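Chemist: Sharing a structure with you now.
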Amino acid sequence: IVLLLIFLLARRYRIVLRPDGLLVELHFRPGYRRPSRTIELPVESIRSVRLDRLEMGAFRLAVGVDYTVKIPRVSAFLANVGAFRKNNVTEVRGEQIIRLFEIQPWGTPPFGADFQDLRYLERRIEQRYRLQEDS
């Protein structure tokens, strides 16, 4: 179990905003160069992106996609392992909510991403795929 925790804590993410959709790459040590797992979300399936505040000052970036998108179980599990309990994929208002990133309150530079980084990502995804915020 300890080895699995170290393996999961050492993961890195890479998001690629492609014309045909969103690509999320999960990299694990020692092979940071080549992604261990990828999640591909076609542009026509992306419905929303949101930044959620969690308990104790943590934040989570999530993407809402059409319910027809199939995410491989192992990729969804590895992307969603974190400190807070959550399902890999849940459905809200006809969308699957895929939780991509979770940052802890202590995750501030230089130790990792912070709220501003996730907010920037949220805005870039919204702009790239012309998504509207719900009011």
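Chemist: Quick one: what pairs do we get from the range 3-31, first residue part of a loop (DSSP other than H, G, I, E, B), second at pLDDT 75 or above and not hydroxyl-bearing (S, T, Y), C-beta under 6 Å, 6+ apart or different chains?
Modeler: Within 6 Å, the pairs are R11/L26; D20/V43.
Chemist: If I filter the range 73-93 for residues that are basic (K, R), at pLDDT 80 or above and out of contact with any helix residue (DSSP H, G or I) (no Cβ under 8 Å at 6 or more places or on another chain), do I get at least one hit?
Modeler: Step one: filter the range 73-93 for residues basic (K, R), giving 73, 85-86, 93.
The next check asks that each one be at pLDDT 80 or above; those that pass are none.
The answer is no, given that none of the residues of the range 73-93 is basic (K, R), at pLDDT 80 or above and out of contact with any helix residue (DSSP H, G or I) (no Cβ under 8 Å at 6 or more places or on another chain).
Chemist: Please count how many residues of the range 49-61 are surrounded by fewer than 20 Cβ atoms within 10 Å (Cβ to Cβ) and under 16 Å from R128 (Cα atoms).
Modeler: 1
Chemist: Among the residues of the range 41-60, count how many are modelled with pLDDT under 90 and part of a strand (DSSP E or B).
Modeler: If we filter the range 41-60 for residues that are modelled with pLDDT under 90, which is where we start, we get 52-60.
After this cut, where a residue has to be part of a strand (DSSP E or B) as well, the list is 52-53, 59-60.
The number of residues fulfilling the criteria is 4.
The values are calculated or read from the model by the stated rules, or taken from the named source; none is laboratory data. In this text the structure is predicted, and so the values were computed from the model without any measurement. Here Cβ is always computed from backbone atoms with ideal geometry, including for glycine, and neighbour counts include all displayed protein chains.
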